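Read-outs: derived from the displayed coordinates by stated rules, not from any lab. In this text, all values refer to a predicted model and were calculated from it rather than measured experimentally. Glycine gets a Cβ as well: all are built from the backbone with ideal geometry, and neighbour counts include every protein chain shown.
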Amino acid sequence: MAYQFKLAEKLVILNDRGQGVLIRMNHIKKVCTDPKRRPSYFTDKSMESAIKYINRKFPNFDIRGGSQHLSNIQKQKSAVLEGLHSYYESFIDVMEFRDHVYELLNTIDASQCYFNIAVNFDFTKNYLDLIVTHASVIYMLSRIDDKKAIVGMYNCAYEFSNGNSQMAELLYYMEKLRTLLAQHRYVIQRYHLQYLSQYDALALNDTVQGMYVCPEEESVLMSSFVSTLSAMSLKHLDAGEEFDLKPFRLDWLRLQAYTSISKAPLALKDYPELAKVMNMAQFHTRMMDNVNELLCETADLSILCFHARVFEKLFSQSSEDVSMQRYLTAFPVICSHFSQCLHPLCPEETEDIKNQSLKLCVTFLEEISRQTCTVVLEICAEQCNLHEKLLPKHSAETISTARNKKLKKSLPKKGDVPKEKPGTESLRKDRVIVTNLDKMHQALTELCASYSICADFTVFKHIIVPAEFLLAQLEIRLNKVIVQMANYKQRTHEIARPSDLLAGIQAYVTSLHSLSCYINIDVTRLVKSVLLQQMQPLDSYGAQTITTLYTNWFLEGLLRQASRALIVHCPTTQCFVNQNTENEQSFHAEEYSDICGLRSLAELIGPFGLKFLNENLMWHIISQVGELKKLVSDNMDALVQMRANYENPEAMSDLQKKLTGSENVLKRMTIVGVILSFSSMIQDALEEIMDRHCPFLMRPIKCLKDFIYPDGDIKVTLGVYEMASAAGLPCEIDPALVSAIANMQTDNSSIEEEFKITCLLLVFIAVSLPTLCLDPNSFYSREHGGHQNNIHCLATAVNHLAAAMFTVQRKNIQTQLQEFLKVASSILLQLGQNVERVEIKNRDSVYLLLHMIVEQSPFLSQDMLEMCFPYVLLRNAYREVHKTFIHTMG
């Protein structure tokens, strides 16, 4: 009998086990009391409320009720589980050790064992050692002050990781089963029809035939059961007939009622086989014509409508568990069940339940879309960063390093870490290594899988398409991302280069197209919608777009400095360049205004955005034109006389002394010219982009434009020019400038008065040209193909402004420009007679302006110029300005 208890073996094992548990408890005590080794969870301030709550409520704390206190444990549940697992297991060992000790002591007591140190020394010693070890373990456990916090925190983290989250998976598969039943209705009906006609009917007939008592009424019912089931055929199903077996089920209900009363001639309880066959057949008939009602009985979740907080909590917990994210769409789909809560006897509930259902559905879908969108854009951002490393601007350093290595110049020091080349992130020494991008793709796979439960569903007659929520969220976020990528800083006038922004957007678009590998959505429609919104001043939500940002920057940053000659228009390279001044500019103008930069700008904001930019440019031009008209009005008398006596040097000399604001006129006209030159540059860039993207549209527009002449019907001409200008084609008359001038406030002045002011403005410009010689920056630079103070833009200003103003006034453009050419030539020829005056310093550079005006004008010719101004002077002027050009070679 004693051998069966194995007391000796248990004493030896428990003493050894007890020593290990005691050492483990001592270790935990030392760790918890040492500030340096103490687990970080006990020193983290964010965990203080959770620890206090656990210590106060232990062991009966409610994880659901204390969610506000335990939220930080939920956020760090994985880390808490990993960090406290060994401690928790040690406490479990203590409990197991205690239970085994109590069991052994009870056995020893029941066996009435005899202990005497002098007789059974080993047995007694092991018994006493066990008592001491047990007492030591319990005492050491009591000295661990944080035992409640350790056990409580681990328990909470375990519940958060493994509780209240698998519900999402269960709900998902419930909905999946419902969907499968609906999709394969024909297969299910075909199976059960054959079951009913070829098995249930035969089994029921055999059962009825075997009944020894069967009254007449019951016999009629059972005969009808057999005949109904036997008459069913696959021909009816294949012909598309709808089955209605409700009478069958109602008759079976009647039969149950007849045969269940106490004095019934046929007692159903005496025929359990009949009940079994009929109940099975009744279920099979429901699978034929009443699957939806059967699903409502077995898988109805509409009760969650009345427990919205619990439902939202389940969703929140599931959304935080990565393994459950693929099942999240089950939550909004379940909202379609809530209509089953309604009843005709209580119509007042309809509106409330409808609003609650739609609210929960939209909330869930928006959160799922937000999480998916966040992961998608993080992947796009990562790909954009990798793509950015491949831009040509980063090649200089690589080329320099390779060249220095070849020439054996200044090799890198030993301590210098070599720069990683693009593509090294794809090299892996081990397949087990998981990068951050891998984790994001895994998360995206899980989230996108949740959309596969159904393409759409209905909630109270509202058709819900989950993928559309994702597209809407991506549209909002992508608009914001593009604006952020522009990196516009209004205070310092900083903005991303159009070429860099375009490269970044292209990287984003490429990554977005890979989204279609995960989920069936129209990424092309999304990208088109976002980019079209960015071509407007404001997006669909009223926020500023890159069109507005670049418009503001070019007006306030580049053109404002160009108007002060801090930035120079360079016709040779077709861009703006910075002047060599003491104050360093915050940006390099050529990086934004060269061909590559403006092509990128045209790609980014398109014809709509460039039209908006052009309209703002026209507004600035009109403000200058208004000031010019005021200057003309102030000098009206002198200008009228000059127009009549421009060939009389003596009279002109006296009249020029009466003029005021000559420098102001030229300065404002130069500003107009700079703006129009920039407008022409962006038009050229737009034309190239349009030719590349839609050549078949551009060819008929060009053909139509070639058949239009300014001398024809002006309305038809402007209509065609407006269309051509929108496509980036250059026009002899700028339709945008014509429209802006026509809309100017003229104080109800007549067309003839406006015509007079325009003519006198040209005279004012012509007679003011000699003052340009006084400016040392009026020097013509062969390198730039223009003047250092941008006065070469006067040619553009005169041609465009005159053409637009005379078009509005219905006057002949060529005649008036010829008059301007005569006045300007006469004034400049008089300048050539002054050999010793200061004006001759930059006289040759100013002469070139006449040639530029004629060269750029579609209404003037070289023959007209030679009639007014000797060609030999122009030839000598070009020779002189080229003499002073310094040739450098390097």
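For labels at ARG309 and ARG254 in the simple 7 Å Cα→Cβ model, what's the distance in nm? Distance between the two pseudo-spin positions: 5.1 nm. Going from the fewest other Cβ atoms within 10 Å to the most, the residues MET698, MET681 appear in the order MET698, MET681. Listed values [x] 48.8, 164; [y] 45.5, 150; [z] 40.5, 136 include one computed from this model; for Rg and Dmax of the Cα atoms in Å that value carries the label [y]. Here the range 596-883 is described by how far its Cα atoms reach on the three principal axes: 60, 50, 31 Å, from widest to narrowest.
What is the local net charge at ILE188, summed over the other residues whose Cβ is closer than 13 Å to its Cβ (Lys, Arg +1; Asp, Glu -1)? Numbers along the way, then the final one.
On the way: positive: ARG178, ARG185, ARG190, ARG286; negative: ASP289.
Around ILE188, the charge tally is +3.
Relative to the current alpha-carbon distance between VAL716 and ALA299, full extension at 0.36 nm per residue lengthens the span by 143.1 nm.
For the range 712-798, treating each Cα as an identical point scatterer without solvent, what Debye log10 I(q)/I(0) comes out at q = 0.15, 0.16, 0.22 1/Å? Taking Cα atoms of the range 712-798 as identical point scatterers yields -0.85, -0.92, -1.09.
Determine the calculated [θ] at 222 nm for the chain from helices alone, applying -39500 (n - 2.57) to every DSSP H run no shorter than 4 residues and normalising by the residue count; nearest 500 deg cm²/dmol.
The per-residue figure over the chain is -21500 deg cm²/dmol.
Calculated on the Cα set of the range 439-487, radius of gyration then Dmax: 14.5, 45 Å. Shown here are the Rg and Dmax of the Cα trace of the range 73-167, at 19.4, 64 Å.
May I ask which of LYS10/LYS36; LYS528/LYS702; LYS235/LYS269; LYS389/LYS489; LYS29/LYS439 have a Cα-Cα span longer than 32 Å here? Each step should come with its number before you reach the end.
Details: LYS10/LYS36 39 Å; LYS528/LYS702 27 Å; LYS235/LYS269 37 Å; LYS389/LYS489 24 Å; LYS29/LYS439 38 Å.
The pairs that break the limit, which is 32 Å between Cα atoms, are LYS10/LYS36; LYS235/LYS269; LYS29/LYS439.
Given Cα positions, please report Rg to Rh for the range 2-163, the hydrodynamic radius being the Kirkwood one.
On the way: Rg = 19.7 Å, Rh = 17.8 Å.
My calculation puts Rg/Rh at 1.11.
With a simple spin-label model that places each label point 7 Å from the Cα along the Cα-to-Cβ direction, the separation between ASP244 and ALA8 comes to 8.7 nm.
Put a dot 7 Å past the Cα of ILE751, heading toward its Cβ, do the same for ARG564, and the two dots end up 4.3 nm apart.
Arrange the following residues from fewest to most other Cβ atoms within 10 Å of their Cβ: TRP252, TRP619. Intermediate results must be reported in sequence, preceding the final value.
Values: TRP252 19, TRP619 11.
Ordered from fewest to most neighbouring Cβ atoms within 10 Å, TRP252, TRP619 come out as TRP619, TRP252.
Taking every Cα-Cα distance in the range 169-299 and sorting them into 5 Å bins from zero, the calculated P(r) comes out as 2, 10, 19, 20, 16, 13, 10, 6, 3, 1, 0 percent. When each of THR43, THR374 is scored by the number of other beta-carbon atoms lying within 10 Å, the sequence from fewest to most is THR43, THR374. With bins 10 Å wide beginning at 0, the percent of Cα pairs of the range 256-399 falling in each bin runs 9, 21, 18, 17, 15, 9, 5, 3, 2, 1, 0.
For ASN664, neighbours were defined as the other residues whose beta-carbon sits under 13 Å from its Cβ, and their charges (Lys and Arg +1, Asp and Glu -1) total +1.
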